[in-house]
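Taking it in order: structure first as structure tokens, then the write-up.
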């Protein structure tokens with residue numbers, strides 16, 4: 001893939017695999033081969049469709065960057081200074097570097113389109129809604145990147161380990177995304193914005209779920225990211241917790257969810273954490289959201305026959321309910337049979353009298 005190929009405009013959608021590979025190698029400064037790239041969810045296909053190919057065309061009229069090459073050049077500058085320089089200082093550096101060679105891309109540090117380009121580049125790099133883009137509504141959580149702030153500080157403020165608490169919360173095997181829907185009626189809404197992961201909305205009836213596992217694995221391997229290894233590992237562990245590949249029900253549920261949706265296949269490939277790894281104190285970054293989600297799960301009541309059938313959170317109550325239901329059903333059935341038998345006998349007796 002040459003620089004000429006990367007000169008494709010940001011308005012392009014349905015990007016070719018070679019161009020996607022060039023973009024990924026540019027973002028992560030990696031050297032993936034075509035085979036290595038395609039082995040990751042078919043070339044991070046879910047991430048490109050749900051994130052890159054939505055973000056870039058929507059922002060194209062608001063940014064100074066016009067091509068993917070422009071965007072990658074800006075991103076390289078951001079990556080070089082993300083931990084040492086504020087946003088304004090980064091734009092100063094960019095203008096000093098590109099004002100002569102590419103004045104349309106970067107001419108004034110205060111230029112709105114240049115700042116929007118930095119926002120877009122940071123979003124693609126981290127798969128996080130960094131700041132807002134004018135005329136482009138971004139649902140969910142948005143992380144602010146202020147002009148006097150390093151990007152690493154902005155991201156670190158949002159994704160910081162939570163202090164240990166004395167609260168005891170058990171995360172049993174039944175606590176899966178499939179059971180959130182089947183038992184608790186909490187619908188899973190898939191997201192490619194990491195900041196939305198495990199957030200409840202719609203009066204606790206919907207949970208956001210970040211499914212871009214292939215993106216997280218690549219971020220961890222490349223080391224060219226602001227997402228630290230502990231955060232990535234824990235996020236992947238929450239995915240394994242809620243979509244365990246070794247649970248037949250969850251495996252079937254995720255397979256059905258993938259039909260018609262661009263979901264990362266890798267998200268359904270991790271086995272469930274063991275009992276030790278499911279302890280709430282083992283979660284530092286997503287602990288608060290897990291506690292809230294588990295509380296919503298525990299507080300829910302089955303709303304229909306199917307929900308009652310799947311709801312075996314309390315084994316004794318589950319058996320008691322279904323034994324009572326079976327007894328009631330059998331009582332009704334036998335009562336109905338007895339009534340019908342009596343009616344048939346009476347009819348037969350009347351007929352015998354009439355023909356006698």
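Readers should treat all values here as calculations from the given coordinates under stated rules, not as data from a laboratory. Since the structure is predicted, the reported quantities are computational estimates derived from the model, not experimental observations. Reconstructed Cβ throughout: ideal geometry from the backbone, glycine too, with neighbour counts over all protein chains shown.
Some points to look at:
- By the count of neighbouring beta-carbon atoms within 10 Å, fewest first, 162, 257 end up ordered 162, 257.
- Computed from label points 7 Å out along Cα-Cβ, the spacing between residue 170 and residue 36 is 4.5 nm.
- Between helix 315-355 and the chain: long-axis angle, C-alpha atoms, 0 to 90°, nearest 10: 40
- At R0 = 25 Å, FRET efficiency that the Cβ-Cβ distance of residue 29 and residue 149 yields, to 0.05: 0.60
- Dividing the summed helix terms, -39500 (n - 2.57) for each DSSP H run of n ≥ 4, by the number of residues in the chain produces a 222 nm estimate of -16000 deg cm²/dmol to the nearest 500.
- Global geometry of the stretch 120-265, whether rounded, prolate or oblate, following the gyration tensor of its Cα atoms and the 1.5 cut on a/c: prolate
- In the stretch 3-158, Cα pairs under 8 Å separated by at least six residues give a relative contact order of 24 percent.
- Among 81, 135, sorting on how many other beta-carbon atoms sit within 10 Å of each Cβ, with the fewest leading, yields 135, 81.
- Spin-label model, residue 345 to residue 89: label points 7 Å out along the Cα-to-beta-carbon direction sit 9.7 nm apart.
- Beta bridge orientation in the chain: antiparallel %, DSSP, nearest 5: 40
- In this label model, residue 202 and residue 111 are separated by 4.2 nm, measuring between points 7 Å along each Cα→Cβ vector.
- Cα shape, the chain, gyration tensor, a/c 1.5 rule: prolate
- Computed from Cα positions, the angle between helix 17-28 and the longest principal axis of the chain comes to roughly 70 degrees.
- Maximal additional length on extending the residue 99-residue 137 stretch stands at 10.7 nm, based on 0.36 nm per residue less the C-alpha distance.
- With respect to the chain, whose longest principal axis is taken over its alpha-carbon atoms, helix 68-81 is tilted by about 80°.
- Going by neighbour counts of Cβ atoms within 10 Å, the residues 350, 169 line up, fewest first, as 350, 169.
- Mean separation of Cα contacts under 8 Å (6+ apart) over length of the chain, as relative contact order %: 16
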